[in-house]
Amino acid sequence: MWLYEKRLQYPVNVRKPDAKTAKIVISQLGGPNGELGAALRYLSQRYTMPYPRIQALLTDIGTEELAHVEIISTLFYQLTNGLTPQEIKDGGLDAYFTDHTLGVYPTNSAGIPFSADTFQSVGDPITDLTEDMAAEGAIV
């Protein structure tokens, strides 16, 4: 099912760590409209989709969102790798680093851990697709 080439589709090469940017980026991973929630949203909703072509499309989109999780995680790691304790504090990541150090842990920018409460799968195609469009249109 997977052909893993051990390289990112869009290479990430951060030259200088930046705690303030990392605090914004972490929400794109584990925030309410982040990539982890998007992947789970599409992959959960596909099961009750009555149209096989749209079911396949939801599967494709969900797996693509998983690739985005990898890219965002790499970006966050590179933005935090090498930060000094003062830079961590000044960037507002001190609470995050207390619990996770350089571990990539999906939270929003306020430090609230990812939760499946941030997305919906109700089994109604119109409702689910409307929720998908709303989440994709949200500015993160």
*asked:* For the range 1-113, what does the accessible surface come to per residue with a 1.4 Å probe? Please give it in Å².
replied: 61
*Sites LYS16 and GLU136, calculated FRET efficiency, Cβ-Cβ separation with R0 30 Å, nearest 0.05*: 0.45
*In the chain, what percent of the accessible surface is made up of carbon and sulfur (1.4 Å probe, ligands and nucleic acids excluded)?*
58
_Student exercise, the chain dipole from Lys, Arg, Asp, Glu Cβ charges, in Debye to nearest 20_ = 400
*Positive-end residue, the chain charge dipole about Cα centroid, Cβ charges, pick of ASN33, VAL69, THR21*: THR21
*Which cross-chain or sequence-distant (5 or more) residues have an amide H under 5 Å from the amide H of THR107, H modelled 1.01 Å from N in plane?*
GLY30, PHE114
*Which length gain, in nm to one decimal place, applies between ILE126 and ASP99 when the Cα-Cα distance is subtracted from 0.36 nm times their residue separation?*
5.7 nm
*If one computes the Cα centroid of the range 64-140 and of the range 1-39, what distance in Å separates the two points?*
8
_Global form of the range 80-135, assessed from the alpha-carbon gyration tensor, a/c cut-off 1.5_ = prolate
*Starting with the highest mean, order 88-99, 22-33 by the number of other Cβ atoms within 10 Å, averaged over the residues of each peptide.*
22-33, 88-99
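The values are calculated or read from the model by the stated rules, or taken from the named source; none is laboratory data. Quick caveat: nothing in here was measured; it's all calculated off a predicted structure. Neighbour counts run over all protein chains shown; Cβ positions are idealised from the backbone, glycine included. Accessible surface is based on the protein model in full, side chains and every heavy atom, while ligands, DNA and RNA are left aside. Shrake-Rupley method; radii C 1.70, N 1.55, O 1.52, S 1.80 Å.
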